[in-house]
1. Scan segment 146-171 residue by residue and report those that are surrounded by 24 or more Cβ atoms within 10 Å (Cβ to Cβ) and part of a helix (DSSP H, G or I).
2. What number of residues within segment 331-346 are over 13 Å from Ala258 (Cβ atoms) and hydrophobic (A, V, I, L, M, F, W, C)?
3. Inside segment 376-391, can you point out the residues that are of a type in the set (A, V, I, L, M, F, W, C), under 24 Å from Pro211 (Cβ atoms) and assigned to a helix (DSSP H, G or I)?
4. If I ask for residues that are within 23 Å of Leu318 (Cα to Cα) and either in contact with a strand residue (DSSP E or B) (Cβ under 8 Å, 6 or more places away or on another chain) or in contact (Cβ under 8 Å) with a residue 24 or more places away in the chain (or both), which ones from segment 335-354 would you list?
5. Got at least one residue in segment 260-270 being charged (D, E, K, R), at pLDDT below 95 and under 15 Å from Cys348 (Cα atoms)?
6. If we only count strands (runs of 3 or more DSSP E) wholly inside segment 181-259, which ones have 3 or more residues that are in contact with a Gly (Cβ under 8 Å, 6 or more places away or on another chain)?
7. Restricting attention to segment 299-308, does a residue exist that is crowded, with 16+ Cβ neighbours inside 10 Å and out of contact with any strand residue (DSSP E or B) (no Cβ under 8 Å at 6 or more places or on another chain)?
Amino acid sequence: MIKIMNKIALVAFGILTLVSCKTTHVIPSQNACYIMFDAGSSGTRLYIYEQSGSQLIKHLGPKVAALADPVRSNQGKIPADIDAVTDEVVATLDLIKTDGALENGMPKWQGFDWSSQCKVVSAKVYATGGMRISEQENATESMLLWQSLQPKLAAKVGPKVIVDTRTITGYEEGLFAWLSVKGDNPASDFGIVEMGGASSQVTFPCADCDPTNDAVNTINLDGKALQIYSYSFLGLGQDEAPYALPTPFVDPVPANCAFGVATTQTDWTEAKCADDILITSAGSATEIRDPYNYTAAGIKGSTNTLPTSQKNIPQWSLTGAFNYTKDTDINNCCVNKSGLCYNPATACFTPIYLKKYLKTLNILPEKRVKNDVSWTLGAVICEIKNCLADSVTDPVCRWTATGCLSH
């Protein structure tokens, strides 16, 4: 069983052993470390997990540009910046060796010299929804990005370290988030809804699910098989939803969801904005739109209905962007124009969207609990436990019509 803890302090120690009245210094074996980059749609964050006995100690590192930015020409980046961005990502492994710059009197990250303080087992860059969209829009530039990153990371960590750089499937992202929430808790009768910037994942154990459903697979936890349903809706992330859901599209959001809309519409109600956010297909309450993924027939844009077993899950953990919303957001950002609102252009749309999304999933307020965890922890747990060893089929790359991008 693996216990999880954050880094508070790191204490170096020696072991003294008495042998024939002589003192001998015995050098302890180094802890194993797992380097994991979360290459999300808003940036790339470095995590290092140090395994100390049954504990995983998290060392949080710098956050730099999103891998998807130069491919999608976002945030002032263009394809010509691919090498610079991959250089910046790998350079975080040098930056984390010393404390980060001060912010509000505290370092942005605490220094951890992975090259001398632990034995690195693996180094992985796992990209999520933003890169799925990038690979869909521009497979060629995406391939160049991965081909630029892989050798640089391998050269940095050395030949004895397992290196993996790729876009993970939605099934894996949801599963990893679920494993992060589970941690060392023996209970597994819960689900998670993860809200990212570009995609949203719904994951829960489902013994009754049809195993031929490609969102269903078997994982191995501590020697026990567990069937897990995990589906990722590409385009339903909080940053992408304003572009993917309203029909017709209005830049940046429909008028009824504009920042401070109630200051100009005296008869405004929350329902007016919600009605313009079309999460389900016309005439259905259960067919959730999956705007950017491909169907098995190669058609972009589909729907997905969650298994009926979902209603039997007693508790749901809300991860990702759910942790940054407040009960006051609608009042501050729709009824008023508060300076407290992050990204005013979508500040009214987002809280109403998140609220409607959970209602559409039929997840009742009394069953919800927010949980601020990173899926990267679950990815490391899965690696240590080899949790996908019993999988019947490989997870599906729904974001392209031709399957997973091979590089």
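1. Those that are surrounded by 24 or more Cβ atoms within 10 Å (Cβ to Cβ) and part of a helix (DSSP H, G or I): Leu149, Gly170, Tyr171.
2. Residues meeting the conditions: 1.
3. If we filter segment 376-391 for residues that are of a type in the set (A, V, I, L, M, F, W, C), which is where we start, we get 377, 379-382, 384, 387-389.
Still in the running and under 24 Å from Pro211 (Cβ atoms): 379, 381-382, 387-389.
Scanning segment 376-391 gives Ala379, Ile381, Cys382.
4. Cys341, Thr346, Ala347, Cys348, Phe349, Thr350, Pro351, Ile352, Tyr353, Leu354
5. Keep residues of segment 260-270 that are charged (D, E, K, R), which gives 267, 270.
Add one more test, that the residue is at pLDDT below 95, and what stays is none.
There is no residue in segment 260-270 that is charged (D, E, K, R), at pLDDT below 95 and under 15 Å from Cys348 (Cα atoms).
6. Details: elements: 191-195, 199-205, 216-221, 224-234.
Passing ranges, in order: 191-195, 199-205, 224-234.
7. no
Each row is one residue, and each column tells you yes or no for (1) among the aliphatic types (A, V, I, L, M); (2) surrounded by 19 or more Cβ atoms within 10 Å (Cβ to Cβ).
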| position | (1), (2) |
| --- | --- |
| Ser54 | no, no |
| Lys63 | no, no |
| Ser73 | no, no |
| Val120 | yes, yes |
| Glu135 | no, yes |
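The values are calculated or read from the model by the stated rules, or taken from the named source; none is laboratory data. Note that this is a predicted model, so its numbers are computed, not measured. Here Cβ is always computed from backbone atoms with ideal geometry, including for glycine, and neighbour counts include all displayed protein chains.
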